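S.K.: Sharing a structure with you now.
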Amino acid sequence: MSHFYFALTNPEVEQLLKKELSVSHPNFKLSYSRPGFLTFKAESASAFSPWMARISGHCFGKKTIVELEALPKAWLWKRDDSFTPPESLSRLSDNSLFKIGEKVTLIMMVGENEYWLGEYILKKTHFQTPGEVSSIEKKEVPSRAYYKIAEAYEAFDLPMDFEEKVLELGSAPGGASLFLLDQELKVFGVDPADMDRSILAKRNFKHIKKPFENLNAENFQEDIDWIVSDVNLPPSVVIKEVERFLTFLEPRGLVLTLKINQDRYLRMLKPIVESFKKKGFTQVELKYLPSHRQEIALIALR
């Protein structure tokens, strides 16, 4: 008996997702797809939760509007915001609630008058939105890093407390710094490049205008509670530097955006997770966030 699965992701990362599945699920065959929406066929049932997908689960194929209107509850996701679903399906989605651990019935509007049906388990780290659409309000910010840290903060309910100290690697121009400062944290932004003037004016921000590779224990006169990074460098370089910091700092949490723009970086992810667990972090997770491109968030908490 054949089994079908779906994955929703951002179009920029589709090739990486396919590469990931060629290794983790070599028996899966790509079936039907559209940008951001992929389905796969397998001859046997399998756990399916690829890293490079926003969300994934079982797929039950195409459905008619009449079939979908008969569902007791379901969420509706649109592949393109310009699509206009029937009022009945929009109302069904708006009136449907799902609890953590419950199976979500997901209507996927792949095209005008084209609907697919899927199912997945709602996890604590999922956004409580159809199709894992970001719930972060769009506004004018220094960089896209603002949304990446904001989404990580919400998805993992990061326990960042009032005026805790954050060491941010590669902080310029200040997108992530802005979000962290808005949470009333103290931010030490490390970057030889210039910060946005609005960030420099913040009382709780200090700019360390030098490469983070040049920092050592002598540069820190106080404890650091968090290390945050969205550096545009290979994961191996970022992890090596973070591990060096861990030899003289004892943060209680890490929030790292790892760039996965080459196939070989996918193979590094599992060893990286295991490495941080061995260093005393009790919760280490990877998550592909709505604002991501060819990258993934790593969260490590003590």
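S.K.: I want to check the label-to-label distance for Lys123 and Arg203. Put each point 7 Å from Cα in the C-beta direction and report it in nm to one decimal.
M.R.: 3.9
S.K.: Further question on the same structure: Beyond a 27 Å Cα-Cα separation, which of these cross-linked pairs lie in this structure: Lys123/Lys270; Lys63/Lys123; Lys19/Lys259; Lys78/Lys148; Lys99/Lys279; Lys63/Lys139?
M.R.: On the way: Lys123/Lys270 20 Å; Lys63/Lys123 25 Å; Lys19/Lys259 16 Å; Lys78/Lys148 22 Å; Lys99/Lys279 33 Å; Lys63/Lys139 37 Å.
Going by Cα-Cα distance, Lys99/Lys279; Lys63/Lys139 fall outside the 27 Å limit.
S.K.: Relative to the first principal axis of the alpha-carbon coordinates of the chain, what is the inclination of helix 145-155, with its axis defined by its Cα atoms, in degrees from 0 to 90 and to the nearest 10?
M.R.: 70
S.K.: Right, here's the next one. By the scheme Lys and Arg +1, Asp and Glu -1, what is the net charge of all other residues having a beta-carbon under 14 Å from that of Pro72?
M.R.: Numbers: positive: Lys73, Arg91, Lys103; negative: Glu67, Glu69, Glu102, Glu119.
Summing Lys/Arg as +1 and Asp/Glu as -1 gives -1.
S.K.: Can I ask one more? Quick one, which of (i) 29, 25, 20; (ii) 45, 22, 15; (iii) 38, 22, 16 is the actual semi-axes √(5λ) of the Cα gyration tensor in Å calculated for this model?
M.R.: (iii)
S.K.: Something else: Taking the Cα centre as origin and putting +1 on Lys and Arg beta-carbons and -1 on Asp and Glu beta-carbons, what dipole magnitude results for the chain, to the nearest 20 debye? Before the final figure, lay out the partial values.
M.R.: On the way: 41 positive and 42 negative charges, 152 e Å.
That gives a dipole near 720 debye.
S.K.: Now for a different question. Given the Cα-Cα distance of Lys103 and Glu285 and 0.36 nm per residue of separation, how much length would full extension add, in nm?
M.R.: Details: separation 182, 0.36 × 182 = 65.52 nm, distance 2.15 nm.
Gain on stretching Lys103 to Glu285: 63.4 nm.
S.K.: With a Förster radius of 51 Å, plug the Cβ-Cβ distance of Glu243 and Phe83 into 1/(1 + (r/R0)^6) and report the FRET value to the nearest 0.05.
M.R.: Working: r = 46 Å, r/R0 = 0.89.
Efficiency, from the Cβ-Cβ distance: 0.65.
S.K.: On to the next question. Mind listing P(r) for the range 3-132? All alpha-carbon pairs, 10 Å bins, whole percents.
M.R.: All Cα pairs considered, the percentages come to 12, 46, 35, 7, 0.
S.K.: How big is the equivalent ellipsoid of the range 145-301 along its three axes, where each semi-axis is √(5λ) from the Cα gyration tensor, reported in whole Å from largest to smallest?
M.R.: Details: eigenvalues 99, 59, 50 Å².
In descending order the semi-axes read 22, 17, 16 Å.
S.K.: Could you work out the relative contact order of the range 133-258? I mean the mean sequence separation of Cα pairs under 8 Å and 6+ apart, divided by the number of residues, in percent.
M.R.: Details: 208 pairs, mean separation 29.1, N = 126.
It comes to 23 percent, rounded to a whole number.
S.K.: Nearest 0.05, what FRET efficiency do Asn261 and Leu158 give at R0 = 22 Å with Cβ-Cβ as r? Walk me through the numbers on the way to the answer.
M.R.: Details: r = 25 Å, r/R0 = 1.16.
Calculated transfer efficiency: 0.30.
S.K.: In whole percent, what relative contact order does the chain give with Cα contacts below 8 Å and a gap of six or more residues? Mind showing how you got there, number by number?
M.R.: Values: 579 pairs, mean separation 42.0, N = 302.
Across the chain, relative contact order equals 14 percent.
S.K.: Right, something else. Nearest 0.05, what FRET efficiency do Ala70 and Glu112 give at R0 = 22 Å with Cβ-Cβ as r? Don't jump to the answer; show the numbers that get you there.
M.R.: Working: r = 21 Å, r/R0 = 0.97.
The formula returns an efficiency of 0.55 here.
S.K.: What net charge is computed for the residues neighbouring Met109, neighbours being all others with C-beta under 9 Å from the C-beta of Met109, Lys and Arg scored +1, Asp and Glu -1?
M.R.: Working: positive: Lys78, Arg79; negative: Asp80, Glu112, Glu114.
Every neighbour counted, the sum reads -1.
S.K.: Here's something else I'd like to know. Roughly how tilted is helix 269-278, in degrees to the nearest 10 and between 0 and 90, from the longest Cα axis of the chain?
M.R.: Once rounded, the angle reads 50 degrees.
S.K.: Please report the relative contact order for the range 220-282, taking Cα pairs under 8 Å with a sequence separation of at least 6, and give it as a percent rounded to a whole number.
M.R.: Details: 48 pairs, mean separation 26.0, N = 63.
Relative contact order for the range 220-282 comes out at 41 percent.
S.K.: Note the full-extension length gain between Arg34 and Glu218 as 0.36 nm times their separation in residues minus their Cα-Cα distance, in nm to one decimal. Don't jump to the answer; show the numbers that get you there.
M.R.: On the way: separation 184, 0.36 × 184 = 66.24 nm, distance 5.28 nm.
Fully extending the segment from Arg34 to Glu218 adds 61.0 nm.
S.K.: At a 10 Å Cβ-Cβ cut-off, how would you order Ile121, Ile299, Ile55, fewest neighbours first? All intermediate terms of the calculation are to be shown ahead of the outcome.
M.R.: Values: Ile121 13, Ile299 21, Ile55 25.
By the 10 Å Cβ count, ascending, the order reads Ile121, Ile299, Ile55.
No value in this document is a laboratory result; all are computed from the given coordinates. Please read all numbers here as calculations on a predicted model, not as lab measurements. FYI the Cβ positions are ideal-geometry reconstructions off the backbone, even for glycines, and counts take in every protein chain you see.
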